[in-house]
1. Relative to the longest principal axis of the chain, what angle (0 to 90°, nearest 10) does the C-alpha long axis of helix 14-23 take?
2. Taking Cα atoms, how many degrees apart are the long axis of helix 58-73 and the longest axis of the chain, rounded to 10 and kept between 0 and 90?
3. Highest first, please rank the peptides 65-71, 79-85 by the mean number of other Cβ atoms sitting within 10 Å of their residues.
4. Work out the P(r) tail for region 2-152: percent of alpha carbon pairs separated by more than 24 Å, whole number.
5. Work out, step by step, the length gained on full extension between residue 8 and residue 25: first 0.36 nm times the residue separation, then minus their alpha carbon distance; give nm to one decimal.
6. Restrict the search to region 8-46; then list the trypsin sites (Lys or Arg not before Pro) that DSSP places in a loop and that have at most 10 other Cβ atoms within 10 Å of their Cβ.
Amino acid sequence: MHSLVRVSADDFDVGAECDALRALSRRSGAIAQFVGVMRDSNQGDDVLTMELEHYPGMTERRISEIIERAAARWPILAATVIHRVGLLHPQDQIVFVGVSAGHRHDAFQACEFIMDFLKTEAPFWKKERTPSGERWVDARDTDQQALARWQTEKA
């Protein structure tokens, strides 16, 4: 299983990332992807910008561990996770999760699993700037609920 983890301030090209996943294995019958985009509101407030910080080295290791856990549950061929850091604006791409597998069910499930664990277990810190000031953003209850289902569901 091939995996790629990149944490960077640089934007990414979704099409190029999918092409790279497809090129890794002729056994691939499905590529599932998720692209997270910054929205302009949160918790009922307008959001002007968001700044993402991380712990270099630790963040990449944690994301690699999440991919390994997905690969232990589903027969995936490759996975790519790209997460941006730094200053972001509404509609900027934040995260790309792409998974290649022999079949769509495995690709979809592994992609969702990786994203759910990223939201709760990867060491990122988010600070939003709103018209009334700055604030740090915690994980949502819905993120914890999404994560909980993987601890009870069988692959």
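1. That helix lies at roughly 20 degrees to the long axis.
2. Compared with the principal axis, the helix lies near 40 degrees.
3. Numbers: 65-71: 19.3, 79-85: 23.4.
For the peptides 65-71, 79-85, the packing ranking is 79-85, 65-71.
4. Details: 3732 of 11325 pairs.
Roughly 33 percent, once rounded to a whole number.
5. Numbers: separation 17, 0.36 × 17 = 6.12 nm, distance 2.59 nm.
Extra length available between residue 8 and residue 25 comes to 3.5 nm.
6. On the way: sites: 22, 26, 27, 39; in loops: 26, 27, 39.
Sites meeting the loop and neighbour criteria: 26, 27.
Every number here is computed from the coordinates shown, using simple stated rules; none is lab data. All figures in this text were calculated on a predicted structure; none of them were measured in a lab. In this analysis, Cβ positions are derived from the backbone assuming ideal geometry, glycine residues included, and neighbour counts consider all displayed protein chains.
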